[in-house]
Amino acid sequence: MPMPTPAALAIWSRDASPPTSVKTSRAVVTSLARLRAASARSLGAPSLEAPASMRTSSAITTILLPNRRHPPYSKWRRPPHVTAIGWFSPAGTEHNPVSDQLIADTPAVARPPVAPRHERRGLVLAVILTAQLMVVLDMSIVNVALPDMQTALGFSPTGLSWVLNAYSLAFGGLLLLGARTGDLLGRRPTFLVGITLFTLASLAGGFAADGTALIVSRAIQGIGAAFAAPATLSLLTTMFPEGRERTRALGLYTAVSVGGVSFGLVAGGILTELASWRWVMLVNVPIGIAVATMAWLAVPHTPRRHGRFDLGGAISSTLGVSGVVYGFVHAAGHGWSNPVTLVTIVGGIALLAAFVALERTAAEPITPLSLFNSRIRSGALLARMFLIAGAMGAFFFLTQYLQDVLGFSPIQAGLAFLPMTAGVFLASQSSSRFLIDRFGERAVMIVGAVLSLLSLLWLTRLDVGSGYGDVVVSLVLLGLGNGLAFVPLTSSALHDVAPHEAGAAAGLVNVAQQLGSALGLAGLVTVSGHASRALDLGPGLDAVRRAHETFLTGAHAAFEAASVTVVVTLVLVTFVVRREQEAADRG
């Protein structure tokens with residue numbers, strides 16, 4: 001009678017578990033081989049018994065084992081990778097006609113390519129953007145609440161500045177360590193730890209009973225942000241491949257990063273006036289819980305790297321960046337000739353020089369120096385730092401101008417920045433969706449830098465008689481310019497970065513932004529202070545007018561200095577980044 005082939009037996013046993021299927025098929029094939037051998041002997045045909053074990057093993061191994069990951073097949077269709085081998089019989093033995101025909105009549109089906117898994121990219125992107133909004137929001141939301149904090153907790157003017165400085169120092173100093181931690185231990189757990197720490201510190205700060213507790217809470221917030229922020233950007237770069245998908249994701253990331261600062265001013269004003277200053281801290285708690293929960297459920301695991309932490313690099317980079325940032329912050333209030341200012345800045349620079357020397361020989365550097373080999377990346381990082389420095393100066397002095405000169409309330413001052421937020425969103429989305437594809441990254445960066453420069457130059461025209469209409473023009477130009485420039489700047493800073501270095505590269509992007517913000521603001525405040533002290537006002541002015549003129553003199557000097565920083569950005573994106581890109585295109 002007709003005997004089934006091993007291929008058919010493998011197909012019929014597809015619903016069994018792999019071990020059971022293998023054992024059963026082997027036993028059945030062996031039994032059938034012996035039965036057929038006995039039948040052949042009775043008919044005088046050559047014996048089939050000798051090669052039975054060899055035939056059974058090769059048939060099962062070739063046909064059955066790879067079949068488990070394919071869709072189920074009926075007994076009339078063999079798996080795509082099964083060849084029409086029929087029954088393994090010795091030469092001169094007739095094949096089984098039924099089983100051979102079953103295989104021969106079944107057309108071969110091409111094995112479909114394995115598509116990459118899309119790990120709920122929309123939800124992951126929402127987690128990334130919300131986490132970035134929390135980090136950025138906390139840089140500005142506290143500003144509007146500072147007067148109420150001073151009254152409630154009895155801060156001195158110097159102590160009040162540490163509500164901002166504690167966050168900046170912890171955040172800026174630990175960014176490189178946080179970035180490398182994500183590469184070595186995995187970005188998902190690093191992100192979750194950072195967000196959890198940030199949320200718990202926000203809860204503690206909301207219930208702070210004195211100034212010291214609030215400052216400590218702000219420092220812990222900065223630590224959490226230093227681990228969460230690089231992980232968000234590195235997750236984005238690994239989830240979205242370089243090209244149009246990443247550019248669009250970076251457009252949303254830029255809109256949140258830049259627009260979140262002005263949104264923080266609005267939210268801070270509303271929460272302070274309608275509730276309490278404590279809610280500028282407590283508002284992070286429900287958002288942080290939601291982000292951590294969604295990240296736990298949706299964010300995929302990333303590969304870990306087997307290596308050691310570069311402790312020497314971590315310590316020198318943390319203390320070096322913190323020293324430089326502290327020195328600039330201290331100089332804003334005490335001057336550049338102050339001994340503390342000089343010691344911290346010089347010490348910070350020395351530690352950063354030691355950091356570079358250590359990274360050259362470290363087996364697992366906290367920041368691979370190879371990231372600076374490309375002029376695209378290096379130029380984009382420097383351009384980002386100088387552009388942020390100019391933009392933060394505009395934020396700082398415009399907030400004071402609106403409240404002190406034009407008499408806006410905190411809510412009104414926050415709402416006054418909404419045109420800039422709208423401009424950032426419109427420009428960043430246009431940049432990521434079609435402008436970069438049509439005109440190229442360099443052209444979009446140049447236009448964005450030019451618009452930002454025009455905005456700052458417009459601000460130098462402000463005087464006591466100016467109105468909000470003059471401010472709106474500058475805000476719209478600044479929003480459009482920043483929105484256009486930051487998308488290609490971020491993309492260029494991550495250009496051609498290996499996946500295992502994505503965390504370190506993302507850390508450098510955040511370091512450039514944080515250094516530009518802290519150092520730029522401290523420098524512009526220092527320039528403003530020198531100009532204000534040098535002003536010689538004649539008699540006959542009342543105290544209010546004298547205060548307004550003094551402030552505007554310092555603000556004009558700061559806006560002019562901020563314009564210089566944007567000119568540096570324009571030079572970098574026009575010449576430094578451009579030449580490398582053209583060379584790459586020619587290559």
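Just one of the listed residues (Leu351, Leu382) is closer than 16 Å to Leu515 by Cβ and without any contact (Cβ under 8 Å) to a residue 60 or more places away in the chain, namely Leu351. Quick check on Leu252: is it more than 30 Å from Ile411 (Cβ to Cβ) and assigned to a helix (DSSP H, G or I)? No; evaluated as a whole, the condition is false for this residue.
With respect to Thr344, determine if the residue is at pLDDT 90 or above and either surrounded by fewer than 23 Cβ atoms within 10 Å (Cβ to Cβ) or part of a helix (DSSP H, G or I) (or both). Yes, satisfied.
Considering only residues of region 329-338 that are within 17 Å of Gly159 (Cα to Cα) and open to solvent by 50 Å² or more (accessible area, probe 1.4 Å), which is modelled with the lowest pLDDT? Checking each candidate, the answer is Gly333. The requirement of being open to solvent by less than 20 Å² (accessible area, probe 1.4 Å), out of contact with any Asp or Glu (no Cβ under 9 Å at 6 or more places or on another chain) and within 25 Å of Gly122 (Cβ to Cβ) is fulfilled somewhere in region 198-209, by at least one residue. Here Leu153 passes the criteria (1) at pLDDT below 85; (2) of a type outside the set (Ser, Thr, Tyr); (3) in contact with an Asp or Glu (Cβ under 9 Å, 6 or more places away or on another chain) except the one numbered (1). A count restricted to region 181-197 and to residues that are touching a residue at least 40 places away in the same chain (Cβ under 8 Å) and surrounded by fewer than 24 Cβ atoms within 10 Å (Cβ to Cβ) stands at 6. Residues being in a helix (DSSP H, G or I) and open to solvent by less than 10 Å² (accessible area, probe 1.4 Å) are entirely absent from region 238-247. Hey, could you check region 127-155 for residues that are aliphatic (A, V, I, L, M) and not in a helix (DSSP H, G or I) and say which is surrounded by the most Cβ atoms within 10 Å (Cβ to Cβ)? Of everything passing the filter in region 127-155, Ile141 is surrounded by the most Cβ atoms within 10 Å (Cβ to Cβ). Candidates in region 541-567 are the residues that are under 11 Å from Val405 (Cα atoms) and of a type in the set (D, E, K, R); of these, the one that is surrounded by the fewest Cβ atoms within 10 Å (Cβ to Cβ) is Arg545. Against the test of being surrounded by fewer than 19 Cβ atoms within 10 Å (Cβ to Cβ) and within 28 Å of Phe486 (Cα to Cα), the options Ser370, Ser378 yield a single qualifying residue, Ser370. If you filter region 216-237 down to residues that are over 30 Å from Leu160 (Cβ atoms) and of a type in the set (A, V, I, L, M, F, W, C), you find that the one that is surrounded by the fewest Cβ atoms within 10 Å (Cβ to Cβ) is Leu236.
Considering each residue of region 186-194 in turn, at least one proves to be under 18 Å from Leu233 (Cβ atoms) and at pLDDT below 85.
In the condition set (1) over 23 Å from Leu494 (Cα atoms); (2) assigned to a helix (DSSP H, G or I), Asp463 is compliant with all but (2). The residues listed here are Gly520, Gly507, Gly529, Gly554; of these, the one that is over 20 Å from Leu462 (Cβ atoms) and assigned to a helix (DSSP H, G or I) is Gly507.
Scanning region 413-437 for residues that are open to solvent by less than 30 Å² (accessible area, probe 1.4 Å) and either of a type in the set (A, V, I, L, M) or outside the structural domain of Leu552 (by the TED database) (or both) yields Ala413, Ala416, Met420, Val424, Ala427, Ile436. In the set (1) within 30 Å of Arg377 (Cα to Cα); (2) among the small types (Gly, Ala, Ser); (3) open to solvent by less than 10 Å² (accessible area, probe 1.4 Å), Gly440 fails one condition alone, (3). When Ala292, Ala275, Ala298, Ala267 are screened for being surrounded by fewer than 23 Cβ atoms within 10 Å (Cβ to Cβ), out of contact with any strand residue (DSSP E or B) (no Cβ under 9 Å at 6 or more places or on another chain) and within 30 Å of Val527 (Cβ to Cβ), only Ala267 passes. Would you call Val487 open to solvent by 20 Å² or more (accessible area, probe 1.4 Å) and assigned by the TED database to the domain that holds Leu418? In short, no. In this structure, Leu102 does not qualify as assigned by the TED database to the domain that holds Leu233, out of contact with any Asp or Glu (no Cβ under 9 Å at 6 or more places or on another chain) and either modelled with pLDDT of 80 or more or not in a loop (DSSP other than H, G, I, E, B) (or both).
The values are calculated or read from the model by the stated rules, or taken from the named source; none is laboratory data. Just so you know, these numbers come straight off a predicted model, no measurement behind them. Glycine gets a Cβ as well: all are built from the backbone with ideal geometry, and neighbour counts include every protein chain shown. Note: areas computed on protein heavy atoms with side chains; ligands, DNA, RNA excluded. Shrake-Rupley method; radii C 1.70, N 1.55, O 1.52, S 1.80 Å.
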